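Worksheet: the structure to be examined is printed underneath.
The values are calculated or read from the model by the stated rules, or taken from the named source; none is laboratory data. What you see is a predicted model, and the numbers here were worked out from it, not measured in a lab. Every residue, glycine as well, gets a Cβ built from its backbone with ideal geometry; the counts of neighbours run over all protein chains shown. Remember, those area values only see protein heavy atoms, side chains included, never the ligands or the DNA or RNA. Shrake-Rupley method; radii C 1.70, N 1.55, O 1.52, S 1.80 Å.
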Amino acid sequence: MAKDQQEALFQQRVDDEQKIEPRDWMPDEYRKTLIRQISQHAHSEVVGMLPEGNWITRAPSLRRKTVLLAKVQDEAGHGLYLYSAAETLGVSREQLIDQLLSGKAKYSSIFNYPTLTWADIGAIGWLVDGAAIMNQVMLTRTSYGPYARAMVRICKEESFHQRQGYEILMTLCKGTPEQKAMAQDALDRWWWPSLMMFGPSDKDSPHSAQSMKWKIKRQSNDELRQVFIDRTVHQAEYLGLKVPDPKLKWNEQTQHYDWGEIDWTEFNEVIRGNGPCNRDRMAARRKAHADGAWVREAALAYAGKQAKKKAA
Amino acid sequence: MTREEALFRAVLRMGDNNLVLGHRLSEWCGHGPVLEEDIAQTNIALDLIGQTRNLLTYAGELEGKGRSEDDLAYLRGEREYLNVQLVELPKADYAFTIARSFLYDAFHLPLQQALTESRDEHLKAIAGKAVKEVTYHLRHSSEWLIRFGDGTEESHRRAQEAVDELWRYTGELFVPDEAEELLAKDGTLPKLTDLKAEWSATVDRVLNEATLKRPADGWMAGGGKKGVHTEHLGPMLAEMQILQRTFPGVEW
Ligand SMILES: [Fe+2]
Ligand SMILES: [Fe+2]
């Protein structure tokens with residue numbers, strides 16, 4: 001079959017809402033886009049363990065410690081599901097991890113911000129997981145079957161993540177003035193980076209149009225961002241916290257909030273490696289990988305010996 | 001020492017052992033050698049801290065001074081922690097972490113099994129749930145120790161070094177203090193000498209399969225059970241307790 005015919009057929013399947021499966025024919029660009037996006041997503045889950053992991057040993061009660069451990073463990077599991085989904089496209093987990101460690105692959109920039117106080121753990125659950133959920137709920141309907149199914153599993157766990165974060169902040173906001181100030185400070189620092197999580201504005205988003213056509217993405221960055229803002233402003237009000245945007249204002253006409261301008265210079269700098277924690281995050285991942293090399297080699301060597309014994 | 005005082009001390013110790021080891025394991029979260037192990041160690045840490053919560057809550061009830069699980073975990077200093085020194089040693093490399101867990105798990109499992117027949121209903125109930133968890137812990141640490149011992153030259157060397165280094169900290173597990181002695185008499189706790197036989201058999205079996213040598217029993221460290229620790233526990237508690245200590249009496 002000629003290539004343009006195959007492509008037309010492929011697009012037809014996508015338009016008919018049929019899921020694309022690993023063995024199906026797909027355009028090279030579709031495959032590449034998915035590998036990039038899914039692996040980036042997987043790396044984000046894994047790197048995302050670091051800022052929250054920073055507070056596991058200091059969690060202020062045994063209950064909070066347990067919840068945080070369970071949450072970070074979920075993120076590791078999400079990383080696994082996603083690496084597996086990416087592997088169905090013909091890359092190996094090792095290749096993908098090498099790309100992360102060499103700096104070739106990206107991960108979500110939000111994890112390049114530091115967790116400085118306990119309130120940041122609340123803010124991450126509420127805002128970062130909250131923003132991630134919006135994107136992930138959309139992706140449960142993405143056109144590539146294994147990715148969509150991984151998302152369904154992930155989304156089931158995500159709502160607990162957001163809830164635990166919000167609950168941490170709720171407790172702080174009902175607590176002492178110092179605790180409430182801690183919560184406000186966390187919102188001040190995490191608000192704008194959370195809005196950046198949705199990516200560049202639609203007009204500046206190079207891959208968006210094609211991804212929408214292939215139904216990898218189903219809602220635009222700006223649409224998702226607006227829904228997130230509308231929803232989150234109410235939650236901030238309920239906490240008694242102030243969203244750090246002087247231009248934020250309800251618009252009767254559009255039935256949405258108007259809001260200020262994202263600092264895209266900051267956004268681009270963090271992507272370029274100049275966020276507060278880029279170097280620390282990569283150093284931690286590289287160290288874990290290097291320190292673990294002999295462990296992985298031992299597991300392989302042992303498995304090899306066992307297989308030989310079995311065969312003999 | 002009354003029976004109540006002895007029980008308080010013994011329950012507290014079981015809680016402390018689990019909490020301190022759980023803390024050390026949780027330090028791997030995000031830094032493990034392979035993602036599956038981050039998950040496994042976190043799982044085990046979660047089990048241990050879950051058991052701790054039950055044990056410390058019970059200890060607080062026994063004491064009768066209104067102390068909660070968090071009061072006991074966060075507001076006691078290192079001289080009041082009663083865990084064995086084995087569990088407080090820094091996590092070091094993955095061979096050390098695995099070997100330490102193995103040496104503890106091989107003790108912890110028969111302890112929990114014995115407690116399912118304790119005269120104390122509360123401990124019996126906690127053990128009923130813990131046995132399943134600890135069975136998995138021991139399987140996990142044994143399997144990895146065997147992989148290391150019978151893996152590569154490097155992993156074998158690291159595993160042997162870890163076992164050798166840790167050996168001196170195993171003696172304390174089986175030396176009863178006054179409380180444990182008292183409670184073994186009336187069937188609340190098992191006799192530690194009985195546990196030692198089982199521990200020893202497990203250790204022999206696994207070390208043998210791992211092609212590792214069992215170190216000779218030499219000088220044994222001790223003191224943890226009396227609250228005399230290595231220098232490593234203090235900094236660990238300082239980190240763990242920082243928020244509770246900095247903002248006393250606050251809800252989190
Ligand atoms: Fe996740
Ligand atoms: Fe999450």
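For this structure, a couple of remarks:
- Comparing A:GLU297, A:GLU17, A:GLU158 in a Gaussian network model of chain A where C-alpha atoms under 10 Å apart are linked, the largest mean-square fluctuation is found at A:GLU297.
- Taking every C-alpha pair closer than 8 Å and separated by at least 6 residues, the mean separation divided by the residue count of segment A:198-311 gives a relative contact order of 12 percent.
- Our summary gives chain A a relative contact order of 18 percent, counting only alpha carbon pairs under 8 angstrom and 6 or more residues apart.
- Across the protein assembly as shown, the volume of the C-alpha convex hull divided among the residues equals 175 Å³ per residue.
- Spherically averaged projected area of segment A:1-116 from its Cα convex hull (nm²): 9.4
- Out of every Cα-Cα pair that chain A contains, those further apart than 28 angstrom amount to 45 percent.
- Segment B:3-246 - charge dipole about Cα centre, Lys and Arg +1 at Cβ, Asp and Glu -1, debye rounded to 20: 240
- Here the relative contact order of segment A:131-176, from alpha carbon pairs under 8 Å that lie six or more residues apart, stands at 29 percent.
- Calculated FRET efficiency for the pair B:THR135/B:GLU181, C-beta based, R₀ 45 Å, to 0.05: 0.95
- Which listed pairs, of A:LYS32/A:LYS156; A:LYS71/B:LYS91; A:LYS174/B:LYS91; B:LYS124/B:LYS225, have C-alpha distances above 31 Å, in listed order: A:LYS174/B:LYS91
- Unit charges on C-beta of K, R, D, E only; dipole of the protein assembly as shown, Debye: 880
- Inter-part distance, segment B:191-252 to segment A:137-203, computed on C-alpha centroids, equals 38 Å.
- Chain A, dipole about Cα centre (Lys/Arg Cβ +1, Asp/Glu Cβ -1), debye to the nearest 20: 1420
- Each of B:LYS196, A:LYS310 has its accessible area taken with a 1.4 Å probe; listed largest first, they run A:LYS310, B:LYS196.
- Our analysis of chain B gives Rg over Rh at 0.95, with the two radii drawn from alpha carbon positions and Rh computed by the Kirkwood formula.
- In nm, spacing of pseudo-spin labels at B:ARG245 and B:SER200 (7 Å Cα→C-beta vector): 4.1
- Most fluctuating residue given options A:TYR147, A:TYR107, A:TYR257, as computed from a GNM of chain A linking Cα atoms under 10 Å: A:TYR257
- Here the calculated FRET efficiency for A:GLN210 and B:LYS124, from their Cβ-Cβ distance with R0 = 51 Å, stands at 0.20, rounded to the nearest 0.05.
- Segment B:104-170: projected area of the alpha-carbon convex hull, averaged over directions, in nm²: 4.9
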